[in-house]
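The values are calculated or read from the model by the stated rules, or taken from the named source; none is laboratory data. Predicted model, so just to flag it, every value in this text is computed and none were measured. Cβ atoms come from the backbone with ideal geometry, glycine included; neighbour counts cover every protein chain shown.
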Amino acid sequence: MRYTINNLRELEPTNSTEASMNKSQFFDHEIEFIQSEDLRSFVRYYFDCIVPDYFWTIGASSSGKFHPAMSQGEGGLVRHTKAVAWFCEELLRMSQWAYLTDERKDYARVACLLHDTAKYGLHEFDKELYPKHGAMAADQVCRTWMVFFNEDCPYELTQAIKSHMGQWTTDKADRPFTPIDRLVHMADYVASRAFIDIPEITADYNDKAELDEISPELPWED
């Protein structure tokens, strides 16, 4: 492993620590799509310690207009994120993305899971910050990566997060350019269509939400 617990202590948690420590288990299924054990550990750490508390409770759309019913209401943003990860896996079967190396496929998977983790700010919910949420998430992922792995964050990962809104990205310079950018944007776009309904995702979310106690084991401490 390239990271140490001492490295992780340099990071200041942005959520309410223990109450959110095992939230990554909402994404157990989707994290398993990632081939790299190190990247799986990074994503778990990021969800457990960095993602703001509001992420776990809000719907995917504050207005309710731009996402399907399954992504509305409490936990809707979590269910949307799961759907984006599922669509990414399906799109990776297409010839235009199937040629990607395993490493680059994993960058796309991580970007899909973390793309909306700063949707309304890095700490408290602030609706005014929404237009910058892709760039904010990318910057936060980059900072966390540099401490976690003690190396620079891959450009393709942060750019895919930054550009995930496609033509609706505020800064034109941050619109999709690389194959990974286009893949993450397409997965997010399809998952946002009003007709989308994936009962398996809703059922998995509900099962996790009903757990009285989630295991205190933290995989990123291995």
Inset, instruction - Give the residues of region 162-189 that are more than 19 Å from Glu90 (Cα to Cα) and in contact (Cβ under 8 Å) with a residue 40 or more places away in the chain, sorted by residue number. - result: Asp174
Legend entry - region 159-179, subset surrounded by 23 or more Cβ atoms within 10 Å (Cβ to Cβ) and part of a helix (DSSP H, G or I), residue nearest to the chain's Cα centre (by Cα): Ile161
Inset, instruction - Show the residue pairs that are 6+ apart or on different chains and have beta-carbon atoms under 8 Å apart, the first residue being within region 87-110 and without any contact (Cβ under 8 Å) to a residue 40 or more places away in the chain and closer than 10 Å to Val184 by Cα, the second being of a type outside the set (Asp, Glu) and in a helix (DSSP H, G or I). - result: none
Inset, instruction - Say whether the condition of being of a type in the set (D, E, K, R), at negative phi and out of contact with any helix residue (DSSP H, G or I) (no Cβ under 8 Å at 6 or more places or on another chain) is met by at least one residue in region 166-179. - result: yes
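Within the bounds of region 105-112, is there any residue that is under 14 Å from Val51 (Cβ atoms), at pLDDT 95 or above and part of a helix (DSSP H, G or I)?
Within region 105-112, one or more residues are under 14 Å from Val51 (Cβ atoms), at pLDDT 95 or above and part of a helix (DSSP H, G or I).
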Legend entry - Leading residue by the ranking (modelled with the lowest pLDDT) among those in region 186-215 that are among the aliphatic types (A, V, I, L, M) and over 12 Å from Trp86 (Cβ atoms): Ile214
Legend entry - Val78 being among the β-branched types (Val, Ile, Thr), at pLDDT 95 or above, assigned to a helix (DSSP H, G or I) and farther than 16 Å from Ala203 by Cα: no
Inset, instruction - Can you give me the number of residues within region 119-151 that are at pLDDT 95 or above and part of a loop (DSSP other than H, G, I, E, B)? - result: 2
Legend entry - Residues (among the aromatic types (Phe, Trp, Tyr) and under 20 Å from Ala118 (Cα atoms)) located in region 150-209: Tyr155, Trp168, Tyr189
Inset, instruction - Being over 15 Å from the mean Cα position of the chain (by Cα), in a loop (DSSP other than H, G, I, E, B) and buried (at least 20 other Cβ atoms within 10 Å of the Cβ) is the filter; apply it to region 23-70 and report the residue that is modelled with the highest pLDDT. - result: Pro68
